[in-house]
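Notes follow once the structure below has been shown.
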Amino acid sequence: MLLGSVAAFLAVTLGAFGAHGLRGRLSPDMLAVFETGVRYHMYHALAILLVGLVMGRLSGWLIQTAGWCFVAGIVLFSGSLYALALSGVTILGAVTPLGGVAFLAGWACLAFASI
């Protein structure tokens, strides 16, 4: 629950920073990249909270792995998009799919944990 709450707090903070601090400083394309990072960051912060809530009903390595995959996905997917938007270094976009795979793995683990 703590990780999910902190992740959601950071997503809101970064969203506000993007909307107010970066508008006019980034190209519309790079601002859209940043906003995509924020959107997936928040979705998966909520997923981490979901994992925390269901841990009382479900236990085992799959549910824990789901939570950690969501954390890794936020760092890799959203983090790489933030870095790409702010720096313009396009090679950072190569990390983004790894974060997407982590998100997918988290959702798969959550699904299998519920069986």
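So here's what we get for this one:
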quantity: Within the chain, helix-based [θ] at 222 nm, where runs of 4 or more DSSP H residues each add -39,500 (n - 2.57), nearest 500; calculated: -24000 deg cm²/dmol
quantity: Neighbour-limited loop hits for trypsin sites (Lys or Arg not before Pro), segment 7-115 (at most 15 other Cβ within 10 Å; DSSP other than H, G, I, E, B); calculated: 25, 57
quantity: DSSP H segments from the chain that extend 20 Å or more along their own axis, Cα-based, with Kyte-Doolittle mean of -0.5 or above; calculated: 2-16, 28-54, 96-113
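Just so you know, all these numbers are worked out from the coordinates, no wet-lab data involved. This structure is a prediction, so every number in the text was calculated from the model and none was measured. Heads up, the Cβs are rebuilt from the backbone with ideal geometry, glycines too, and the neighbour counts pull from every protein chain shown.
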